[in-house]
Amino acid sequence: MKKSKNQWRLYMDYDVIVVGAGLAGLVATTEIADAGKKVLLLDQEPESSLGGQAWWSFGGLFLVDSPEQRRMGIKDSKELAWQDWLGTAGFDRGKEDYWGKKWAQEYIEFAAGEKREWLRNMGVRFFPVVGWAERGGYLADGHGNSVPRFHIVWGTGPGIVAPFERKLREQIKNRLVEYRPRHRVDQLLTRNGTVEGVSGAILEPSSVSRGEESSRVVIGEFEFTSSIVMVTSGGIGANHDLIRQNWPKRLGTPPKQMLSGVPAHVDGRMLTITEQAGGHIVNRDRMWHYTEGIKNWNPIWNLHGIRILPGPSSIWLDAKGKRFPSPNFPGFDTLGTLEAIQKTGYSYSWFILTQKIIEREFALSGSEQNPDLTGKSIKQVLGRALPGASAPVQAFMDKGEDFVIADNLPILVEGMNNLTEEKLLHLEEIEKQIQARDREIENSFTKDLQITAIRGARNYLGDKLIRVAKPHKILDPKNGPLIAVRLNIISRKTLGGLQTDLSARVLDSSGNPIPGLYAAGEVSGFGGGGVHGYRALEGTFLGGCLFSGRVAGRAIAKELQ
């Protein structure tokens, strides 16, 4: 209900207002409503976007010592996971990292404890083969997952959103939740340092499909009050200007060209709005962008990029055709390779591989790129073991502008040069490097650490069965045709954000909680303003939304008792 300016503060409309209907917002809202409290859920996008970025995801979740791991012969533990998290995060910023590190400790406990059972009770199931993402490639206490921990939700992103959406709609039916799409929050209303409501613009109705850019035409205004406001509005992944503004020097010069891994509404607006209300933002320069992006041949949003989820066998070359040094191998260290790419002065790189490699090792991130897993089709999943690339990968081979396919290396390199403004690649240099690599295949021992890594990966049954091709010579015609893929930087996640305590209360610059203000999900750096530190272990973004939304919802419900 809209109030006059002198009336709206006299009483509260709702117990809690949640700003943002992504996964963290859904989890928090349902937790609060479960406690019998009335929640207003606001989102600037149309109802078709309910679930936010999570719906588009591959559905990977980080679990520790799970039954799925044990069935695959994987020995994991909280101690090993914490070792990996610390080596990956590199917490070194004192006050800025204080709460993020505490959130990380709690998250490891959650991932090794009740996370899986909680989700199973919600109806979530997992693909039986556990993936091995972010393998690191350094020493034992450095970056990366020591063991496979990437658990794929059966049904991918939609499969993780669905149970919370079902619960939400039941709570709407029972009048515990009021959901208002097309309500854009422009201000947090405060009095004497306490947040007491929100105001903003009502946007015109929109019939765009999920992910498509919606209108920003304003048709009205609103003000709502509550004893608590919670911000779950996501990060800055589609705001390339803001990404470049906050780009860390350690990763070189910001890329001039980027693809977007998220829809346009992931714009970071609520970070600024919450900061204006006193919220403290930390770790602005920590971010997570992928290096294996390809332009979507069938885009849904502007500059729509899809990430290749590669196995370890492709040859990775920089823009000038020089092979990246160890451990910049596919799937090992995302930000380490991003740094190496940016230091070349170009924002793209190349994979060279064979038909045998693409059939076994190429998967594409995103629910829409994995119709078998998303549709829960066992028959289609089994079809991945058949000869030939998967249908989504084959579509990119046939229609994607970043792919070159040829029967021999001279024609391949010519095609690669034709994709770029500058013809930087020299056949002789590329041929020399691949021939040197191929000679190392002759023996079961080698000094080429990428080949060692490939053979090591195949010691894991899951990789040997469906993920890593048997080592073979790239230039042997029987393994062809040859394939080259131009790889672009693709924006994705914000690792810093609003600093929160372990109850998800937003803190001010002095470290004190702002009365009436909470945050969860990516806008809070997935908890504490930076639970991941500098790097992530993968499977921890969806999980971070689940965990921080759950913690926040339960803390708010407890406060309102």
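The values are calculated or read from the model by the stated rules, or taken from the named source; none is laboratory data. Fair warning: this is a prediction, and the values are worked out from it, not measured in the lab. Methodologically, a virtual Cβ is constructed for each residue, glycine included, from the backbone with ideal geometry; neighbour enumeration extends over all protein chains shown. Accessible surface is based on the protein model in full, side chains and every heavy atom, while ligands, DNA and RNA are left aside. Shrake-Rupley method; radii C 1.70, N 1.55, O 1.52, S 1.80 Å.
Per-structure values
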quantity	calculated
Cα coordinate range in the range 212-267, projected on the principal axes (Å, largest first)	45, 28, 16
Prolate/oblate/rounded call for the range 136-194, Cα gyration tensor, a/c under 1.5 rounded	oblate
Binned Cα-Cα distance frequencies in the range 178-217 - 5 Å width, integer %	6, 21, 20, 21, 13, 10, 7, 4, 0
Potential lengthening between Glu79 and Ala436 on full extension [0.36 nm per residue; Cα-Cα distance subtracted]	124.5 nm
The chain: angle of helix 156-173 to the longest principal axis, Cα-based, in degrees nearest 10	10 degrees
Compactness index (Cα Rg / 2.2 N^0.38 Å), the range 119-234	1.55
Contour excess over end-to-end distance, with Cα ends at Leu449 and Gln187 and 0.36 nm allotted per residue	89.0 nm
Shape category assigned to the range 78-126 from the gyration tensor of Cα positions, a/c cut at 1.5	prolate
Around His426: net Lys/Arg minus Asp/Glu count, Cβ-Cβ under 11 Å	+1
Distance between the range 493-561 and the range 257-335 - C-alpha centres, whole angstrom	22 Å
C-alpha long axis of helix 23-34 to longest principal axis of the chain, angle in °	40 degrees
Overall dimensions of the range 303-451 as given by Cα atoms, namely Rg and Dmax in Å	16.3, 47
For the chain, accessible area per residue (1.4 Å probe, heavy atoms of protein chains only), Å²	40 Å²
Net dipole in debye of the chain [+1 Lys, Arg Cβ; -1 Asp, Glu Cβ; about Cα centre; nearest 20]	780 debye
Calculated FRET value between Asp508 and Lys478, using beta carbons and R₀ = 51 Å, to 0.05	0.20
Ellipsoid equivalent to the range 508-555 - semi-axes via the Cα gyration tensor, in Å	20, 14, 6
Residue-level accessible surface for Trp247, protein heavy atoms, 1.4 Å, Å²	20 Å²
Residue-span extension gain [Arg250 to Glu204] - 0.36 nm each, minus C-alpha spacing	12.3 nm
Listed residues Phe396, Ile411, Thr446: farthest to the positive end of the dipole of the range 383-464 (Cβ charges)	Thr446
Per-residue SASA entry for Arg125, accessible area with 1.4 Å probe, Å² rounded to 10	100 Å²
Sulfur and carbon atoms: percent of accessible area, the range 42-83 [1.4 Å]	52 percent
Calculated FRET efficiency for the pair Lys423/Lys173, C-beta based, R₀ 41 Å, to 0.05	0.10
Peptides 321-332, 281-292 ordered by average Cβ neighbours within 10 Å, highest first	281-292, 321-332
Pairwise Cα inverse-distance average, inverted: Kirkwood Rh of the range 24-174 (Å)	17.2 Å
Calculated P(r) of the chain - Cα pairs past 33 Å, %	41 percent
